[in-house]
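Notes follow the structure.
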Amino acid sequence: MRIAVYPGSFDPVTLGHLDIIERSCKLFDKVIVAVMINSSKRPMFSVDERVALLREATKNLPNVSVDCHEGLLIDYLKKADAKILVKGLRAISDFESEFQMASVNQKLCPEVETVFIMTRTEYMYLSSSIVKEVGTLGGDITNFVTENVRVAIEQKVGGKS
Ligand code: ADP
């Protein structure tokens, strides 16, 4: 069975992430979306909230599951018995750091292969941070995120949770 792990902060999940997830589903038997816990970042959503938003947004995709992990990504792949690491590639700015991470992971665990899926052009400049920025300033984010995420951002901005 081809098990792939798609890691990220997903703070929160955007339509760009979902496009990568949907396309990965067709390539692999099972796709695990892994919310990586990074204590040096100050997220808008807690890990539990990010996992819940992802589960809701991917509920129609039967071979997708959502999990979280703190620590080395390679350790998670071993635990999940996965040999494929999926990364989305946006504008050229992603390339340098993704290339570095793929090279390091290759050294740490040669049996894991990193697979890059290129973003659709309409999502080329879409990131969680820009969505949060536009949402915080009261802009319309319906073209960037699913309905549940839009509502969750509005609640955060309105100070309701
Ligand atoms: P960000 O906070 O920058 O949106 P994440 O750390 O949550 O990103 O991203 C997880 C993965 O998803 C990374 O491989 C990243 O390159 C990819 N990704 C993020 N946004 C997009 C997008 N709009 N299109 C394609 N891939 C994306």
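The values are calculated or read from the model by the stated rules, or taken from the named source; none is laboratory data. The structure presented is a predicted model; accordingly, all values stated were derived computationally and were not measured. We place every Cβ from the backbone using ideal geometry, glycine too, and count neighbours over all the protein chains shown.
Mind counting the residues in region 37-64 that are free of Cβ contacts under 8 Å to residues at least 60 places away in the same chain and over 19 Å from LEU126 (Cβ atoms)?
Selection size over region 37-64: 17.
Out of the residues in region 117-131 meeting the condition of being closer than 26 Å to ALA82 by Cα and of a type in the set (A, V, I, L, M, F, W, C), tell me which one is surrounded by the fewest Cβ atoms within 10 Å (Cβ to Cβ).
Here the answer is MET118.
Results for (1) of a type in the set (Val, Ile, Thr); (2) closer than 19 Å to THR58 by Cβ; (3) surrounded by 12 or more Cβ atoms within 10 Å (Cβ to Cβ); (4) within 12 Å of the ligand (Cβ to nearest atom), shown as yes or no for each residue.
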residue: GLY88; (1), (2), (3), (4): no, yes, yes, yes
residue: SER97; (1), (2), (3), (4): no, no, no, yes
residue: PRO110; (1), (2), (3), (4): no, no, no, no
residue: VAL115; (1), (2), (3), (4): yes, yes, yes, yes
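Can you tell me which residues in region 73-86 are touching a residue at least 24 places away in the same chain (Cβ under 8 Å) and surrounded by fewer than 13 Cβ atoms within 10 Å (Cβ to Cβ)? Before the answer, list the steps.
In the first step, residues of region 73-86 are kept if they are touching a residue at least 24 places away in the same chain (Cβ under 8 Å); the result is 73-74, 76-78, 80-86.
Hit for region 73-86 is ASP81, nothing else.
Report, by residue number, each residue of region 137-151 that is in a loop (DSSP other than H, G, I, E, B) and at negative phi.
LEU137, GLY139, ASP140, ILE141, THR142, ASN143, PHE144, VAL145, THR146
Which members of region 1-28 meet the condition of being part of a helix (DSSP H, G or I) and within 16 Å of TYR123 (Cβ to Cβ)?
LEU15, GLY16, HIS17, LEU18, ASP19, ILE20, ILE21, GLU22, ARG23, SER24, listed by residue number.
On the given criteria, is GLU122 within 21 Å of VAL5 (Cα to Cα) and without any contact (Cβ under 8 Å) to a residue 40 or more places away in the chain? Show your work before the answer.
Working: within 21 Å of VAL5 (Cα to Cα): no; without any contact (Cβ under 8 Å) to a residue 40 or more places away in the chain: yes.
Answer is no for this residue.
So, restricting to helices (runs of 4 or more DSSP H) that lie completely within region 29-136, which ones have at least 2 residues that are within 16 Å of LEU18 (Cβ to Cβ) and either in contact with a strand residue (DSSP E or B) (Cβ under 8 Å, 6 or more places away or on another chain) or acidic (Asp, Glu) (or both)?
Ranges flagged: 47-57.
Could you look through region 1-24, keep only residues that are surrounded by fewer than 18 Cβ atoms within 10 Å (Cβ to Cβ) and away from the ligand (no atom under 11 Å from the Cβ), and pick out the one that is modelled with the lowest pLDDT?
MET1
I want to confirm something. Restricting to region 39-69 and keeping residues that are under 17 Å from GLN155 (Cα atoms) and among the charged types (D, E, K, R), which single residue is nearest to the chain's Cα centre (by Cα)?
ARG50
How about region 18-45: which of its residues are of a type in the set (S, T, N, Q) and under 16 Å from PRO7 (Cα atoms)? Walk me through it before giving the result.
So the first thing to find is which residues in region 18-45 are of a type in the set (S, T, N, Q), and the list is 24, 38-40.
Those that are of a type in the set (S, T, N, Q) and under 16 Å from PRO7 (Cα atoms): SER24, ASN38, SER39.
Of the conditions (1) modelled with pLDDT of 95 or more; (2) out of contact with any Leu (no Cβ under 8 Å at 6 or more places or on another chain); (3) closer than 24 Å to LYS26 by Cβ, LYS78 clears all except one; give me its number.
For LYS78, the exception is condition (3).
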